[in-house]
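The values are calculated or read from the model by the stated rules, or taken from the named source; none is laboratory data. What you are looking at is a predicted structure, and each value in this text was computed from that prediction instead of being measured. Backbone-built Cβ (ideal geometry, glycine too); neighbour counts: all protein chains shown. Surface areas here come from the heavy atoms of the whole protein model, side chains and all, with no ligands, DNA or RNA. Shrake-Rupley method; radii C 1.70, N 1.55, O 1.52, S 1.80 Å.
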Amino acid sequence: ARWQHPEKGFLLPGSFIPLMERENMIDRMDFYILEKACAFLEDLRKQGVYDFPISCNFSRKSFAAPDFVDRCAQVINRYTFIRDRLIFELTESTQARDMEQIRQNVRRVKQLGVQVVLDDFGVGFTSFYDLQEYPVDGVKLDKELVDHINTSKGRTIVGAMVKIGHELGLTTLAEGVENDEQLKILQELNCDAIQGFRFYHPIPSWEAEKKILERMH
């Protein structure tokens, strides 16, 4: 998500997501992006691309809403695509407190066929405790961990997280990878998936679709 503000210019998520959470508006953006993601996957399917995954971030405040799964189903069912290509990322939030509701919603949303992963894993409020509480499919290691992976301690910590993930049957994804050294270390640690500026910068959906089709065909 990016915001081209008429006065402040180009804004990154960190400058407006917290405000949207405080003003109880975050669910509007969460479901807007879900709609766009489903449409994107359907467009790819129509052009013969079936195995490209895409993630949607949901704040825990959105995830904790009693009608969360019903709203998701209403959006998802309007589109045709392979359901497990859609991944829900459960982000950290200081405002969500109803852990039982979140747990129920994770189970129910997985029944729709989508995958659920813990975002920002290893820093902030996201912890190993969440692995016991929520039946997720994977974890997304925070960029802060990747930034220190070239140190002895940093490599050991990330390696331990990847190992734990594999032992729990979870997919481990590292975000924020910016150079070949980080990539090489993560590959040596058998990290399942890797993303970051090392591969591509954020681009509009139409441009992303064009490049995906060029590579797939």
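Which ones in region 29-49 are out of contact with any helix residue (DSSP H, G or I) (no Cβ under 8 Å at 6 or more places or on another chain) and of a type in the set (Val, Ile, Thr)?
Once the filter is applied, which keeps residues that are out of contact with any helix residue (DSSP H, G or I) (no Cβ under 8 Å at 6 or more places or on another chain) and of a type in the set (Val, Ile, Thr), region 29-49 yields only Ile33.
Against the conditions (1) open to solvent by 60 Å² or more (accessible area, probe 1.4 Å); (2) over 20 Å from Val117 (Cβ atoms); (3) of a type outside the set (Lys, Arg), where does Ala39 fall short? Just the number, please.
Status for Ala39: all satisfied but (1).
Give all pairs with beta carbons closer than 8 Å in which a residue from region 41-52 that is farther than 10 Å from Arg85 by Cβ meets a residue that is open to solvent by less than 30 Å² (accessible area, probe 1.4 Å) and at pLDDT 95 or above; count only pairs at least 6 apart in sequence or on separate chains.
Glu42/Phe81
Suppose we filter region 108-136 for residues that are modelled with pLDDT under 95 and either assigned to a loop (DSSP other than H, G, I, E, B) or aromatic (Phe, Trp, Tyr) (or both); how many remain?
Qualifying residue count, region 108-136: 12.
Considering only residues that are in contact with a Gly (Cβ under 7 Å, 6 or more places away or on another chain) and either assigned to a loop (DSSP other than H, G, I, E, B) or open to solvent by 80 Å² or more (accessible area, probe 1.4 Å) (or both), look in region 141-163 and name the one that is nearest to Leu131 (Cα to Cα).
Asp142
I'd like to verify a number: residues in region 179-200 that are assigned to a loop (DSSP other than H, G, I, E, B) and either within 18 Å of Ser55 (Cβ to Cβ) or open to solvent by less than 90 Å² (accessible area, probe 1.4 Å) (or both), how many?
Residues flagged as assigned to a loop (DSSP other than H, G, I, E, B) and either within 18 Å of Ser55 (Cβ to Cβ) or open to solvent by less than 90 Å² (accessible area, probe 1.4 Å) (or both) within region 179-200 amount to 10.
Which of the residues belonging to region 73-93 are outside any loop (DSSP other than H, G, I, E, B) and in contact with a helix residue (DSSP H, G or I) (Cβ under 7 Å, 6 or more places away or on another chain)?
At the first step, the residues of region 73-93 found to be outside any loop (DSSP other than H, G, I, E, B) are 73-76, 83-90.
Those that are outside any loop (DSSP other than H, G, I, E, B) and in contact with a helix residue (DSSP H, G or I) (Cβ under 7 Å, 6 or more places away or on another chain): Val75, Ile76, Arg85, Leu86, Phe88, Leu90.
Report every pair of residues separated by at least 6 positions or lying on different chains whose Cβ atoms are under 9 Å apart, first residue within region 204-217 and farther than 13 Å from Leu41 by Cβ, second in a helix (DSSP H, G or I).
As it stands, the answer is Leu213/Leu44; Met216/Leu44, since those pairs meet every condition given.
With a cut-off of at least 1 residues that are over 20 Å from Ile203 (Cβ atoms) and among the polar types (S, T, N, Q), name the helices (runs of 4 or more DSSP H) lying wholly within region 1-72. Walk me through it before giving the result.
Numbers: elements: 17-22, 26-46, 60-63.
The qualifying helices (runs of 4 or more DSSP H) are 60-63.
Does region 62-82 hold any residues that are open to solvent by less than 60 Å² (accessible area, probe 1.4 Å) and either modelled with pLDDT of 95 or more or of a type outside the set (Phe, Trp, Tyr) (or both), and which are they?
Across region 62-82, the qualifying residues are Ser62, Ala64, Ala65, Phe68, Val69, Cys72, Ala73, Val75, Ile76, Tyr79, Phe81.
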